[in-house]
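The structure under discussion appears below in the form of structure tokens.
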Amino acid sequence: MKPTGKMISLLPWLFQTQFASQARKRRLAAEEVVGMDDNIVVPEVGVEDQPRKEPVLDDKNLVTVTETFVVTEGDAVNDDLPPVDEEAPTTAADSDSPVDIDPSAESESAEPEVADLPLGNTANKGGGHAAMMSQAFMDGLNTGLFDPKWYQATYGLRFATQREAFDDYVRKSRFAPVNPSPKFDSETYHRMYIDVFHAQQSPLQHYLLHGRGEGRQHVPATVRWYPREIVAPRKTLTPAAGKLKVALCLHVFYVDFLDRFAKAIERFPVTVDVYLTLADASFETRARQLFGEHARVNKLETRIVPNRGRNFGPVLVEYGQALQEYDLFCHLHSKKSLYSGKEQTQWAEYLIEYLLRDVSVVTRLLNAFAADDSLGLYYPTTFWMMPSWVNHQTMNKGFMREWQEKLGLGHIPEFLSYPAGGMFWSRPQAMQGVLDQAWTYEDFPEEPLPNDNSMLHALERVLGPLAEHHGFRQLFFYPPTGQFTTDNGYITASYHGRLEQHIASIQAHACISFDVFDTLVRREYTVPDYAKLKLGKVLAEQGFVPSAQAFVKLRNEAESTLRQRANFKGDVRIEAVYDELADQLDVSPEVAQEWMELEYELDLEMIQPKDEMVELFNHLAAQGHILWVISDSYYNREQVGLMLRKAGVAAAYRLMVSSEEQARKDNGSMWVKVKQDLLNEGIDRHLHIGDNVVADAQMPGDLGLTTFHILHPMDKWAALGFPAVLHGADGLDEVEILKWGRLINEVGRNPFIGE
């Protein structure tokens with residue numbers, strides 16, 4: 001069945017589809033390459049997927065990658081190894097609990113040289129699993145893939161033996177991107193062989209025991225981001241940190257997390273008060289058994305709470321007032337994903353590790369807060385297997401605006417740092433406006449809630465801006481380098497590099513679709529409404545409207561009225577918008593259509609190519625790829641096609657425009673159609689490239705399509721640290737547009753940082 005979208009092409013459709021088989025032949029050879037590109041989010045279920053041996057993770061937002069390497073292809077085998085001991089090894093630094101306070105607070109105790117440490121347990125005793133672990137340990141040392149001295153120095157840890165250092169790596173590397181040596185990159189191995197990640201196995205352990213024999217590859221350790229503004233707290237607890245009054249507020253929906261949390265604080269540096277909110281009354285007996293006599297717990301309070309407000313509702317309703325009496329509090333909750341036939345708890349384990357369990361990290365963060373009153377909020381950098389665009393407002397802009405107004409916050413950028421997962425340490429003062437309010441459960445939405453787009457998803461994202469609004473700084477821990485930093489550059493770190501680094505992974509797909517605006521084309525002054533503003537100036541001079549800004553408002557309200565009238569189904573055409581304006585301004589339809597043509601002409605005049613992306617498009621066509629262009633636009637197909645032609649798009653492509661297809665990307669209806677068309681055409685490997693997080697990444701990803709997100713010019717401008725401009729009323733101030741718009745356009749021409 002031929003797709004319904006019109007072809008704008010120098011070649012007929014049938015000639016173009018002959019290239020599909022060539023692209024498919026490249027598929028297997030490039031599969032591991034695709035798995036290594038951090039801007040490509042590969043869903044677990046989609047029209048392009050073929051039967052595989054590895055388990056399937058049904059969360060479209062979990063599979064992202066970081067570097068591009070070409071490696072020898074090998075089958076991904078899910079090794080059924082028994083789990084290693086979940087208990088963290090006892091290190092020389094934490095062998096006695098509580099952690100000793102350094103009375104002098106003047107000098108660090110000397111780090112023991114690893115060469116002086118005994119080797120540790122290497123006996124092949126204790127069963128098959130113990131023997132394999134000992135074999136892996138010795139193989140790691142002999143090959144140099146595990147370097148105890150490097151591991152200890154990099155992650156600020158001290159161990160009694162080299163074997164304890166290895167066991168610590170094996171445990172953490174199941175869920176955290178820690179490396180065993182400069183010779184082996186754990187994150188890359190997990191991304192290349194997602195079955196190993198799903199099975200929650202240590203990358204190096206798997207490679208030494210199984211992957212090496214299966215022909216799997218590994219690469220040297222890669223630093224993906226270099227934090228600036230490093231914070232280097234003391235490694236031993238200072239007297240000031242030891243005196244902090246600390247509370248843990250834990251929300252428990254899954255009862256087994258009670259044991260996890262209790263175990264995690266066995267070697268906690270200070271004693272704490274524990275506030276529990278329990279989703280079921282049957283949890284209380286176990287909670288009191290674990291925490292009532294816990295050596296690190298001073299006081300325990302429990303509340304049985306309704307399933308409303310997720311993790312935020314219970315803590316705010318039950319303990320918001322009590323937590324204000326503390327110097328610091330830590331909030332965690334139970335988090336699970338039931339995928340791949342077994343629990344997927346890597347995200348939860350990652351957060352528990354760097355918020356509660358890692359004694360070195362917790363000791364240092366307490367020291368940091370005790371030494372620096374400007375620190376207000378702490379959490380580890382976003383879980384590494386989340387997509388590159390997760391540090392974004394996503395679908396929550398409406399709820400974000402409500403929180404901004406409620407809390408009196410200023411501009412919040414599209415990309416922002418926030419505790420993804422809703423777990424963090426905070427000073428109570430940093431959460432004023434939220435923590436100190438009188439909340440009831442009726443203030444929070446009822447279940448079921450969507451995966452995104454709720455007041456709670458927005459609240460999670462507003463915590464960082466709120467702390468900064470109160471004059472505090474955010475503190476982050478970056479596990480790959482073992483460093484604390486106040487630098488939030490991690491939120492866009494995956495967008496650094498050059499387009500050439502991604503060519504191999506892009507070319508691994510038979511069909512590639514592109515967004516139009518800010519992906520293939522750009523506007524000379526960046527602001528989408530500038531053409532309307534220029535038209536408004538003309539109409540204001542002729543007396544039809546009081547000002548150019550008033551026309552833009554009227555023009556956009558007419559468009560919104562048509563959407564509401566259609567119950568937000570389909571999409572509107574620019575011709576219909578100006579018919580609506582004709583009625584409102586009491587002019588003839590012919591006059592209104594002349595205005596419409598002028599708006600388009602003014603916009604077309606400002607259209608410029610995004611040179612690198614247009615070159616990529618034409619290159620892919622020359623290589624025989626099927627190309628589609630998909631846009632949410634009130635312009636018609638011919639108008640969008642003319643803009644593309646002006647930008648230098650000279651290849652064969654299918655053009656799908658929302659006003660013609662009567663379906664939109666940003667609400668998912670276009671992607672339903674795209675997915676069906678891919679199935680009808682027999683296209684089994686498709687990739688979409690675009691700059692809009694919701695329309696071009698989140699929505700298609702939720703429907704099982706593979707995506708490659710690039711930065712919008714405004715997002716790149718912000719990522720480079722330039723001032724926040726052209727927001728609010730400034731976005732329709734021609735002086736500001738002329739001052740900043742062209743600069744932003746030039747900066748954003750190439751969507752990658754550092755080009």
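Structure values in brief
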quantity: Qualifying strands (runs of 3 or more DSSP E) (wholly inside the range 464-515; at least 3 residues being assigned by TED's automatic domain parsing to the domain that holds ILE710 and touching a residue at least 12 places away in the same chain (Cβ under 8 Å)); calculated: 511-514
quantity: Only listed residue being surrounded by 20 or more Cβ atoms within 10 Å (Cβ to Cβ) and assigned to a loop (DSSP other than H, G, I, E, B), chosen from ARG310, ARG364; calculated: ARG310
quantity: Failed item in (1) among the aliphatic types (A, V, I, L, M); (2) crowded, with 23+ Cβ neighbours inside 10 Å; (3) farther than 29 Å from PRO751 by Cβ, with LEU463 passing the rest; calculated: (3)
quantity: Any hit, the range 438-445, residues being buried (at least 23 other Cβ atoms within 10 Å of the Cβ) and among the aromatic types (Phe, Trp, Tyr); calculated: no
quantity: Complete set of residues in the range 277-307 that are part of a strand (DSSP E or B) and hydroxyl-bearing (Ser, Thr, Tyr); calculated: THR277, THR302
quantity: Residue check, VAL629 touching a residue at least 60 places away in the same chain (Cβ under 8 Å), in the same structural domain as LEU705 (by TED's automatic domain parsing) and among the aliphatic types (A, V, I, L, M); calculated: yes
quantity: Residue in the range 283-307 that is surrounded by the most Cβ atoms within 10 Å (Cβ to Cβ), counting only those that are within 12 Å of HIS251 (Cβ to Cβ) and among the polar types (S, T, N, Q); calculated: THR302
quantity: Unique residue being surrounded by 18 or more Cβ atoms within 10 Å (Cβ to Cβ) and not assigned by TED's automatic domain parsing to the domain that holds HIS688 when the list is ALA592, ALA647; calculated: ALA592
quantity: The range 468-482: number of residues that are under 21 Å from LYS172 (Cα atoms) and crowded, with 21+ Cβ neighbours inside 10 Å; calculated: 5
quantity: Filter result for SER426 (more than 30 Å from LEU720 (Cβ to Cβ), among the hydroxyl-bearing types (Ser, Thr, Tyr) and modelled with pLDDT of 95 or more); calculated: no
quantity: One residue from VAL223, VAL231, VAL246, VAL270 being of a type in the set (A, V, I, L, M) and touching a Phe, Trp or Tyr at 6+ places or on another chain (Cβ under 6 Å); calculated: VAL231
quantity: Flag if MET455 is farther than 26 Å from PRO713 by Cβ and touching a helix residue (DSSP H, G or I) at 6+ places or on another chain (Cβ under 6 Å); calculated: yes
quantity: Residues satisfying the stated conditions in the range 721-755, i.e. within 20 Å of the chain's Cα centre (by Cα) and surrounded by 14 or more Cβ atoms within 10 Å (Cβ to Cβ); calculated: PRO751, PHE752, ILE753
quantity: Subset of the range 378-423 [more than 13 Å from the chain's Cα centre (by Cα) and of a type in the set (Asp, Glu)]; calculated: GLU402, GLU405
quantity: Enumeration of residues in the range 153-168 that are within 13 Å of GLY482 (Cα to Cα) and crowded, with 23+ Cβ neighbours inside 10 Å; calculated: LEU157
quantity: Any hit, the range 393-401, residues being surrounded by 23 or more Cβ atoms within 10 Å (Cβ to Cβ), touching a His at 6+ places or on another chain (Cβ under 6 Å) and outside any loop (DSSP other than H, G, I, E, B); calculated: yes
quantity: Inter-residue pairs, beta-carbon under 8 Å, first more than 18 Å from PHE257 (Cβ to Cβ) and in the range 321-338, second among the acidic types (Asp, Glu) and at pLDDT 95 or above, 6+ apart; calculated: GLN321/ASP436; ALA322/GLU301; GLN324/ASP436; TYR326/ASP273
quantity: Subset of the range 539-589 [hydroxyl-bearing (Ser, Thr, Tyr), under 25 Å from GLY731 (Cα atoms) and surrounded by fewer than 16 Cβ atoms within 10 Å (Cβ to Cβ)]; calculated: SER547, SER560, THR561
quantity: THR188, sole failed condition from (1) among the polar types (S, T, N, Q); (2) over 19 Å from the mean Cα position of the chain (by Cα); (3) crowded, with 22+ Cβ neighbours inside 10 Å; calculated: (2)
quantity: Residues being small (Gly, Ala, Ser) and modelled with pLDDT of 95 or more - total across the range 386-402; calculated: 1
quantity: Any pair with Cβ under 8 angstrom, 6 or more apart, that starts in the range 204-228 at a residue that is assigned to a loop (DSSP other than H, G, I, E, B) and ends at one that is modelled with pLDDT under 95 and among the acidic types (Asp, Glu); calculated: GLU214/ASP75; GLN217/GLU32; VAL219/GLU67; THR222/GLU67; ARG224/ASP38; ARG224/GLU67
quantity: TRP717 within 21 Å of the chain's Cα centre (by Cα), assigned to a helix (DSSP H, G or I), farther than 23 Å from ASP632 by Cα and in contact (Cβ under 8 Å) with a residue 12 or more places away in the chain; calculated: yes
quantity: Neighbours by Cβ (under 9 Å, 6+ apart or cross-chain): first from the range 684-705, within 13 Å of ASP452 (Cα to Cα); second surrounded by fewer than 24 Cβ atoms within 10 Å (Cβ to Cβ) and among the small types (Gly, Ala, Ser); calculated: MET699/GLY668; ASP702/GLY668
quantity: Hits in the range 229-248 (condition: under 25 Å from the mean Cα position of the chain (by Cα) and not in a loop (DSSP other than H, G, I, E, B)); calculated: ILE230, VAL231
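The values are calculated or read from the model by the stated rules, or taken from the named source; none is laboratory data. Here the structure is a predicted model, which is why all the values come from computation and not from measurement. Note: ideal-geometry Cβ built from the backbone for every residue, glycine included; neighbour counts use all protein chains shown.
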